[in-house]
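The values are calculated or read from the model by the stated rules, or taken from the named source; none is laboratory data. What you are looking at is a predicted structure, and each value in this text was computed from that prediction instead of being measured. Glycine also receives a Cβ, built like all others from the backbone with ideal geometry; neighbour counts cover every protein chain displayed.
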Amino acid sequence: MVHRWIPGLVAAWVMLSGVGALADELELLNGMRVKGKVAEQTTQFIRIEVAGGDGSAEMKFPLAKVHAVTVDGDRKVLNEKASKSTSAVKVSPKADPADTEATTAEAEQPSAKAKSRTKAEVDALIQKAGTTPPDWWDSVQLDYPQTLDMTWPKQVKGPWDPQRNIGQYIWSTINENPSRWRPGIKFLHHLLTVFRDDKEKLGRAMNDLAGAYYRLQQDWARAAFWWRKAAELGPLPFNALIDLAECYWKLGNRAMAVAQLGRATQFYSVSIIKLWSDMGDLDTALRDAEDMAKARPQDPYLVGIAYLAAADACRLHGKYQRADAYYQKVLAVPLPPKNDGGVKRNQARARASLEAMKLFDQCDPKKVPDGIYTATCPAYAGPLSVAVAVKGGRIESVKVTRHEEKQYYAALTVTPQQIVEKQTVKGIDAVTGATMTSEAIINATAKAIAAAGK
């Protein structure tokens with residue numbers, strides 16, 4: 001039977017459940033909040049236990065990074081915040097910040113986003129999208145391997161088998177094959193009906209469905225809708241908290257994104273750094289990157305990706321000297337004596353980006369003869385090649401002709417589209433979750449155009 005969209009099922013998919021409010025809270029100077037249970041406070045740090053997707057984790061924050069701490073309802077300010085025009089939202093004393101329009105800081109941010117919307121407008125957009133089918137729905141058949149184990153155990157034993165295990169089918173078959181994206185989303189909708197009476201599995205299905213709309217289609221409204229529904233069943237995974245914040249930003253409300261980021265401070269994350277940068281707050285992005293690098297100096301991979309995120313943020317904002325300095329920090333990370341754990345890949349990315357940045361000022365399509373020009377740069381899984389078509393002094397197309405990526409999501413189409421729309425490689429916003437792929441496309445395009453213009 002063909003599975004069709006039934007709006008009435010939405011109500012059946014929503015189960016009433018709540019997670020009790022955690023007693024204590026840290027308010028960090030960067031605007032984020034950490035909820036949990038304060039376990040220890042000294043003159044140097046505060047240690048707090050926070051809830052995670054599969055239990056709890058313990059975090060330690062330097063006292064100098066904490067604005068205020070609330071323990072059993074008693075709030076104390078430890079460090080006053082400096083005023084920051086780049087992240088402030090101007091509102092009247094009684095207004096909800098999320099109900100205001102965008103500030104000038106949003107207009108100055110370098111990456112494209114939707115028009116400004118109030119919270120009420122964003123909420124209405126999310127509700128409408130989540131309760132109506134995508135325009136392609138009726139043209140796609142429900143199609144999935146009948147060999148799948150539809151009991152969907154959380155822990156899978158044995159070898160990797162996408163024809164049997166639902167999670168592996170999503171990862172290897174759906175995510176890695178664009179032709180399976182729409183049928184995959186339809187399959188995930190099907191799981192909502194299969195597990196409507198199983199709270200834990202229903203929550204997993206909703207989270208995966210939201211992720212598919214977000215990563216595969218960049219359908220921010222439907223992604224937000226299903227993450228909100230999943231949150232009603234239990235705590236969202238950490239990465240979903242950040243991705244939901246990006247959805248709010250893409251839908252046009254910065255204050256909603258900032259508030260959501262305040263719920264996502266359990267761990268350091270490159271995605272958080274990128275989102276602060278995308279929203280125009282380079283200072284907060286760099287501060288978070290520095291904190292991430294200092295948090296575990298014994299982990300050379302983590303230090304490297306923190307500095308890469310800082311460099312990428314500077315590059316997006318046109319701060320090329322600062323970007324150069326951060327890329328140099330990546331190259332200065334010492335290699336471990338045995339397994340490098342990804343450090344060499346970080347350094348290859350830094351070298352490729354340094355090389356590409358030197359070519360940015362030479363990437364003027366107006367000075368390039370008509371033709372198709374190619375170049376190759378390292379991506380996540382291996383070399384990535386592009387063919388850049390130039391005609392009449394304009395970039396007509398950028399096509400990825402060869403790559404070894406698997407989880408590239410929308411990067412192969414969205415990044416070339418941005419380059420063609422902007423007619424430049426400067427200020428191109430990488431696709432979250434596939435930043436290395438986007439970066440390789442940008443770098444290779446810069447190489448191709450610069451070489452053609454010589």
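General observations
- Sole exception among (1) among the aromatic types (Phe, Trp, Tyr); (2) surrounded by 24 or more Cβ atoms within 10 Å (Cβ to Cβ); (3) not in a helix (DSSP H, G or I) for TYR268, by number: (2)
- All of ALA105, ALA124 fail the test of being outside any loop (DSSP other than H, G, I, E, B) and modelled with pLDDT of 95 or more, apart from ALA124.
- Residues located in region 119-168, provided they are out of contact with any helix residue (DSSP H, G or I) (no Cβ under 6 Å at 6 or more places or on another chain) and charged (D, E, K, R): GLU121, ASP123, LYS128, ASP135, ASP138, ASP149, LYS154, LYS157, ASP161, ARG164
- Filtering region 174-191 for residues that are β-branched (Val, Ile, Thr) and within 18 Å of VAL140 (Cβ to Cβ) leaves a non-empty set.
- Residue selection: VAL343 satisfies the criterion of being more than 12 Å from THR445 (Cβ to Cβ), in contact (Cβ under 8 Å) with a residue 40 or more places away in the chain, assigned by TED's automatic domain parsing to the domain that holds ALA311 and among the β-branched types (Val, Ile, Thr).
- Hey, ARG345 at pLDDT 95 or above and assigned to a helix (DSSP H, G or I) or not: no
- Out of VAL71, VAL50, sole residue that is surrounded by 12 or more Cβ atoms within 10 Å (Cβ to Cβ), of a type in the set (A, V, I, L, M, F, W, C), modelled with pLDDT of 75 or more and not assigned by TED's automatic domain parsing to the domain that holds ASP283: VAL71
- Filter result for ALA375 (surrounded by 15 or more Cβ atoms within 10 Å (Cβ to Cβ), assigned to a strand (DSSP E or B), small (Gly, Ala, Ser) and out of contact with any Lys or Arg (no Cβ under 6 Å at 6 or more places or on another chain)): no
- In region 388-435, residue farthest from the chain's Cα centre (by Cα) [restricted to those that are farther than 24 Å from ASN177 by Cα, assigned to a loop (DSSP other than H, G, I, E, B) and of a type in the set (Val, Ile, Thr)]: THR424
- Qualifying residue in region 354-376 (condition: among the basic types (Lys, Arg) and in contact with a Gly (Cβ under 8 Å, 6 or more places away or on another chain)): yes
- All told, ALA352 meets the bar of being assigned to a helix (DSSP H, G or I) and in contact with a strand residue (DSSP E or B) (Cβ under 8 Å, 6 or more places away or on another chain).
- Candidates in region 191-235 are the residues that are acidic (Asp, Glu) and under 22 Å from ALA411 (Cβ atoms); of these, the one that is surrounded by the most Cβ atoms within 10 Å (Cβ to Cβ) is ASP208.
- Test: residue in region 413-431 that is surrounded by 15 or more Cβ atoms within 10 Å (Cβ to Cβ), small (Gly, Ala, Ser) and in contact with an Asp or Glu (Cβ under 8 Å, 6 or more places away or on another chain): yes
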